[in-house]
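Trainee: I'd like to ask some things about the structure below.
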Amino acid sequence: MIQVDDIRKSYGNLEVLKGISLSVGRAEVLCLMGASGAGKSTLLHIMGTLDVPDSGRVLMDGEDLFAMNAKRLAAFRNRHIGFIFQFHHLLPEFTALENICLPAWIAGRPRREAEKEAMGLLEMFRLTERAQHKPHELSGGEQQRIAVARALINHPSVVLADEPSGNLDTENARELHQLFLKLRDQLQQTFVIVTHNPDLSEMADRTLYMEDGLLKS
Ligand SMILES: Nc1ncnc2c1ncn2[C@@H]1O[C@H](COP(=O)(O)OP(=O)(O)OP(=O)(O)O)[C@@H](O)[C@H]1O
Ligand SMILES: [Mg+2]
């Protein structure tokens, strides 16, 4: 599903990624671990086309991401890649339901269809009662589950998550991790998750360790 070929990236004199290659299969939960500054977020951002490598390729669903022009790439990202960040990045003025629907509306999907699907996700995540709440009226765990629903609304090929449970207590973190596994099992959803959490890494299908800009074997 995803193939990363010899990705290199420097910021000025700082060589952050020194030739990273990996592949991710469908319905796989892949964890990326490593010390702070190892380059995990940089790699995840490149896989999500939020940053551009100096050299190397990323293929997703057979498409060479960095060979596309900006407009096609933006459309591809909206349709094929879901993002979850450490801090949920929900829009404060919008309700939970609207936040989930936004990527679908951006994709031009009909309002009703998007809302129906968002309600289905809220139900799956046991958040139906929270549909009309604004983010500040939700707990940290609830906010993060809304962010997961938003990442899923367009049926992405992959969900890329950067320390998704980094800001949650143990209980909420565990619930979020269980949700990832449920989505893998029920929807064959693929995940690449940067984490410092050993519990999550243990539950994952595979964990890769980054050190000094390279994957450790
Ligand atoms: N836009 C940037 N400009 C300059 N340097 C950067 C930039 N982004 C990241 N870096 C540097 O690249 C290195 C890798 O950063 P990155 O964010 O990928 O690390 P990380 O593995 O995600 O760390 P953490 O676990 O702390 O989140 C760091 O030394 C960082 O300071
Ligand atoms: Mg990081």
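Rundown of residues vs (1) more than 16 Å from ligand 2 (Cβ to nearest atom); (2) under 30 Å from ASP51 (Cβ atoms); (3) at pLDDT below 95, yes/no style:
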residue: ILE146; (1), (2), (3): yes, yes, no
residue: ILE153; (1), (2), (3): yes, yes, no
residue: LEU160; (1), (2), (3): no, yes, no
residue: PRO164; (1), (2), (3): no, yes, yes
residue: LEU179; (1), (2), (3): yes, yes, yes
residue: ARG184; (1), (2), (3): yes, yes, no
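Trainee: Please go through the stretch 100-129 and pick out each residue that is assigned to a loop (DSSP other than H, G, I, E, B) and either touching an Asp or Glu at 6+ places or on another chain (Cβ under 9 Å) or closer than 20 Å to HIS89 by Cα (or both). Spell out how you get there, then give the answer.
Mentor: So the first thing to find is which residues in the stretch 100-129 are assigned to a loop (DSSP other than H, G, I, E, B), and the list is 107-110, 125-127.
Across the stretch 100-129, the qualifying residues are ALA107, ARG109, PHE125, LEU127.
Trainee: Condition first: under 30 Å from VAL58 (Cα atoms), in a helix (DSSP H, G or I) and not basic (Lys, Arg). Now tell me which residues in the stretch 70-99 satisfy that.
Mentor: Step one: filter the stretch 70-99 for residues under 30 Å from VAL58 (Cα atoms), giving 70-91, 99.
Going one step further and asking which of them are in a helix (DSSP H, G or I), we end up with 70-80, 99.
The answer is ALA70, LEU73, ALA74, ALA75, PHE76, ASN78, HIS80, ASN99.
Trainee: Identify the residue in the stretch 173-196 that is more than 12 Å from ligand 1 (Cβ to nearest atom) and in a loop (DSSP other than H, G, I, E, B) and, among all such residues, is surrounded by the most Cβ atoms within 10 Å (Cβ to Cβ).
Mentor: GLN189
Trainee: A follow-up question, please. For the stretch 192-206, which residues satisfy the criterion of being within 16 Å of ligand 2 (Cβ to nearest atom) and farther than 13 Å from GLY166 by Cβ?
Mentor: Once the filter is applied, which keeps residues that are within 16 Å of ligand 2 (Cβ to nearest atom) and farther than 13 Å from GLY166 by Cβ, the stretch 192-206 yields VAL192, SER201.
Table: residues versus (1) over 18 Å from the mean Cα position of the chain (by Cα); (2) aromatic (Phe, Trp, Tyr); (3) away from ligand 2 (no atom under 16 Å from the Cβ).
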site: GLU28; (1), (2), (3): no, no, yes
site: CYS31; (1), (2), (3): no, no, no
site: SER41; (1), (2), (3): no, no, no
site: PRO53; (1), (2), (3): yes, no, yes
site: ASN69; (1), (2), (3): yes, no, yes
site: LEU73; (1), (2), (3): no, no, yes
site: GLU98; (1), (2), (3): yes, no, yes
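Trainee: Right, something else. How about the stretch 1-68: which strands (runs of 3 or more DSSP E) wholly inside it have at least 1 residues that are surrounded by fewer than 17 Cβ atoms within 10 Å (Cβ to Cβ) and either within 11 Å of ligand 1 (Cβ to nearest atom) or at positive phi (or both)?
Mentor: 2-11, 14-24
Trainee: Pairs needed: first member in the stretch 53-79, farther than 23 Å from LYS40 by Cα; second member anywhere, of a type in the set (A, V, I, L, M, F, W, C) and part of a helix (DSSP H, G or I); C-beta distance under 7 Å; at least 6 residues apart or different chains.
Mentor: MET68/PHE76
Trainee: Return a yes/no flag: does the stretch 145-163 have any residue that is part of a helix (DSSP H, G or I), over 12 Å from the mean Cα position of the chain (by Cα) and crowded, with 19+ Cβ neighbours inside 10 Å. Walk me through how you get there before you give the answer.
Mentor: Let us first name the residues in the stretch 145-163 that are part of a helix (DSSP H, G or I), namely 145-152.
Okay, now just the ones that are also over 12 Å from the mean Cα position of the chain (by Cα), so 145-146.
Those left that are additionally crowded, with 19+ Cβ neighbours inside 10 Å: 145-146.
Yes, that holds for at least one residue.
The values are calculated or read from the model by the stated rules, or taken from the named source; none is laboratory data. Note that the coordinates shown come from a computational prediction; the quantities given were computed from them, not determined experimentally. Using ideal geometry, Cβ is built from the backbone for each residue, glycine included, and neighbour counts are taken over all protein chains shown.
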